[in-house]
Amino acid sequence: MSIKDQFDFSNALPIINEDTEFFPLMSQQDEDDMNGEETPEVLSILPLRNTVLFPGVVIPITVGRDKSIRLIKEAYKGDRIIGVVSQKDVSIEDPTFEQLNSVGTVAHIIKLLQMPDGNTTVIIQGKQRFNLLELVQSEPYIKVKVSKFEEAKFKKDKEFKALIASIREMSAQIIQLSPNIPSEAGLALKNIESTSFLINFISSNMNAEMADKQKMLQMANLRDRAEKVMELLTLELQMLELKNQIQSKVRIDLDKQQRDYFLNQQLKTIQEELGGNSTDIEYNALEARGNKKKWASSVKEHFNKELEKLGRMNPAAPDYSIQMNYLELLLDLPWNEFSKDNFDLKRAQRVLDKDHFGLEKVKQRIIEYLAVLKLKRNMKAPILCLVGPPGVGKTSLGKSIAKALNRKYVRIALGGVRDEAEIRGHRKTYIGAMPGRIIQSLKKAGAANPVFVLDEIDKVGSDHRGDPSSALLEVLDPEQNNAFNDHYVEADYDLSNVLFIATANSLNTIQPALLDRMEIIEVNGYTIEEKIEIARKYLLPKQKEQHGIKTKDIVLKPALIEKVIEDYTRESGVRSLEKKIGSLVRGVATKIAMEETYEPTLTSEDVERILGAPVFDKDLYEGNEVAGVVTGLAWTSVGGDILFIEASLSPGKGKLTLTGNLGDVMKESAVIALAYLRSHAEQFGIDYELFDNFDVHVHVPAGATPKDGPSAGVTMLTALTSAFTQRKVRPNLAMTGEITLRGKVLPVGGIKEKILAAKRANIKEIILCKSNRKDILEIKESYVKDLKFHYVSEMREVIDLALTAEKVKNPQDLTVKKKKQD
């Protein structure tokens, strides 16, 4: 805020309008004449947002509201008399009568001006105060009944005269201390004769809150108003004096800085005479470190060039520290500095098996990489991408791989990264420039061949600051990353020795060009048997150690772990299972801490006491006593799940209704299924007229959950056929597959996750496309030994396998009522 804003007397100058009419400062006679005027009974009200008009004061106002412009123009053509009232709340655009203050000022419009920028400015002069009584009209602008504001009488004694003199003197001091206030303002103050106008004049122009100004306007006693003005002027004068003191102190500090600069320059000259200074020592240290680095000739040449640039710089220059930091980064980076790999493949296999149960495909790929590296001794590291649902151990697998290879471990989380500079770094010319996270992590690792985990690569975003996934193309391309260029480093860095391992929950959101550069390894969910082993070998010992529990203090039998898995978790990974086991361990820890007796071998009753009632129902199958309800298999981001397709018929005109928050592809599957059924009605024993006389409603429960994908096609066809024929669906049966209008069944993805979901739901038989047989062969035979698979290629086969000849109990009457012929 400027000094002028703090105490602004700019409105105090006489005003000369276009007709050269002169409006001098108000004399005592003028004030008496003004007070003698009668107050109108009804006034048109102009609400003011950020100012208060006092009697006798002339101020310009910019009018912006449509109502206010209309009021001003009509009043200007008439008697030019309006009422001016300030708003209680300045943020209100169109105030009502209740939102105005109770006291305002009668104003005379001196001049109406149309400004070049299109705004309307009106110059008004306050006449006398009035009280608002009641509302007369609200449109097109406010009119109110008013009454004259009665002035309170008071005694003009010596004390009051001294008060007025003090106000004049203090105002003059403020004008003198404020260089931005014109000297004419002080002259204007001296020429004011009327005591009342003096108080009004200062109240209008001083820097005070709207509430304080309105409070002064509502004071009936002039002496009270004078005391309030004195109080605010005193505060303003103190602020100005303090401000001047601070400015004087700043000037003294600046002089001290100049003195320190000259002393430092003299000290530098003395050090040079004595044979060296601190900057020379730093320069020599950098040069010595550079000579010991094992970098390529191009990098060494670049470093020496930048070091010479540092030597030519003035140490007091701002760029000196920037250049110093840049050179230190080049020295700290591990150029051709490698950690020694451990080529004991059997040891590597043991490390991987100890830390992770299952995941055979990933372990085999790592052993293959080590075997080739052992034979060739020089190999470009592959770019592996582990894809799977949360909680299956993708991120922790990277740490185990680093341990098996005896390499440094580095991890960066890419979830939510939107700035390209996070990967490539900022250009060195920018203030606050930094290298990208790839270079920073390598500096922290201290080796050029770490195991580098790029976590959540499928959650990288993009915005106006660039596309980080495009910047990763160079990082994750084995043919290009041997010359990775960071904007800050400005020298090519070899990333071909880094073993990059990316993790993702889904491949759908990864840029296709980036996906093409990585070797995809699917890390699917675990079966119940695998989860039991993981809990017994890994999760339970880990929780015991974290909670200070000894091995003998708690025993969880496999049957009890299975109960926890089936009744309290529903996931592909083991993250929720670990939390539940942690809750059981804490329950035992509480018993031990409170010195209570308990049985270390937990029972089902102990589990329900600690974890509460079972959350999930093991047997999700809903039976086959209702026609049109079929169990399908679905893939989600957290693994497989089962869903139910419900189809029902009702008398109508053949309308198809789809509900359950379905996506476009799933809706199209329902349309295809109904179209196929209509064209092959005779084969399935369905009366053609049913399609024109009954409406079809297909619903997929859990309506709040979005669902999409083609794999529910065979399920929808089976549900519709069951509804139209009222035939039973075989018990404990589920299916998945895409359908076509030609009657073909096409393969779908996510088979292992869907099979695991079927096992959790106690499904016994599964219908799949023949092309999906290869996916079943990749699953361990022991995990699917209780399941029976039916492989099909035609829709007709699906119906024959899924539906029995038996009708459901209480079948729906689907008889078409014939219309009588005239």
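Observations on the model:
- Among beta bridges identified by DSSP and lying wholly in region 345-522, the antiparallel ones come to about 15 percent.
- Average projected area [Cα convex hull, region 74-172], square nanometres: 10.1
- Once Rg and the Kirkwood radius are both taken over the C-alpha atoms of the chain, their ratio Rg/Rh works out to 1.18.
- With both residues required to sit in the chain, DSSP beta bridges show an antiparallel share near 60%.
- Peptide ranges 725-737, 332-344 listed from the most packed, as the mean C-beta count within 10 angstrom indicates: 725-737, 332-344
- Relative contact order, whole percent, for region 567-703 stands at 25, derived from Cα pairs under 8 Å and 6 or more residues apart.
- The share of Cα pairs per 5 Å bin across region 107-237, counted from zero up to the longest distance, runs 2, 8, 15, 17, 18, 16, 11, 8, 5, 1, 0 percent.
- Packing-based ranking, highest mean first, of 37-44, 570-577 given that Cβ atoms within 10 Å are counted: 570-577, 37-44
- Legend: calculated FRET efficiency, R70 to S102, from the Cβ-Cβ distance at R0 = 25 Å, rounded to 0.05, equals 0.50.
- Ranked list, fewest to most other Cβ atoms within 10 Å of each Cβ, for V460, V85, V410: V410, V460, V85
- On the basis of the beta-carbon distance and an R0 of 25 Å, A513 and K774 show a calculated FRET efficiency of 0.35.
- Total formal charge among the other residues, if their Cβ is under 9 angstrom from that of F789, Lys/Arg +1 and Asp/Glu -1: +1
- Within-9-Å neighbourhood charge of P450 [Cβ basis; K, R +1; D, E -1]: +2
- Length-normalised contact order of the chain in % [C-alpha pairs under 8 Å, at least 6 apart]: 8
- Radius of gyration and Dmax over the Cα atoms of region 300-388, both given in Å: 22.0, 62
- Only helices enter this figure: runs of n ≥ 4 DSSP H residues, each worth -39500 (n - 2.57), summed and divided by the residues of the chain, yield -13000 deg cm²/dmol at 222 nm to the nearest 500.
- Within-12-Å neighbourhood charge of K752 [Cβ basis; K, R +1; D, E -1]: 0
- Unsatisfied cross-links (Cα-Cα over 20 Å) in the set K653/K807; K294/K443; K531/K580; K363/K788; K531/K707; K655/K807: K653/K807; K363/K788; K531/K707; K655/K807
- Our compactness index for region 345-522, the C-alpha radius of gyration over the empirical 2.2 N^0.38 Å, is 1.02.
- Exposure proxy order (Cβ contacts within 10 Å, fewest to most) of D695, D641, D567, D79: D79, D695, D567, D641
- The magnitude of the dipole of the chain, with charges of +1 and -1 set on the Cβ of Lys/Arg and Asp/Glu and taken from the Cα centre, is near 3200 debye.
- Cα radius of gyration and Dmax for region 350-416 (Å): 12.7, 40
- Zone of K785's modelled label, taken as backbone nitrogen in region 535-560 under 19 Å from a point 7 Å along Cα→Cβ: 558-559
- FRET efficiency for the pair E599 and D353, taken as 1/(1 + (r/R0)^6) with r the Cβ-Cβ distance and R0 = 35 Å, rounds to 0.60.
All of the numbers you see were taken from the coordinates with simple rules; none came from a lab. Keep in mind the model is a prediction, meaning the values are calculated, not measured. As a convention, Cβ positions derive from the backbone with ideal geometry for all residues, glycine included, and neighbour counts pool all protein chains shown.
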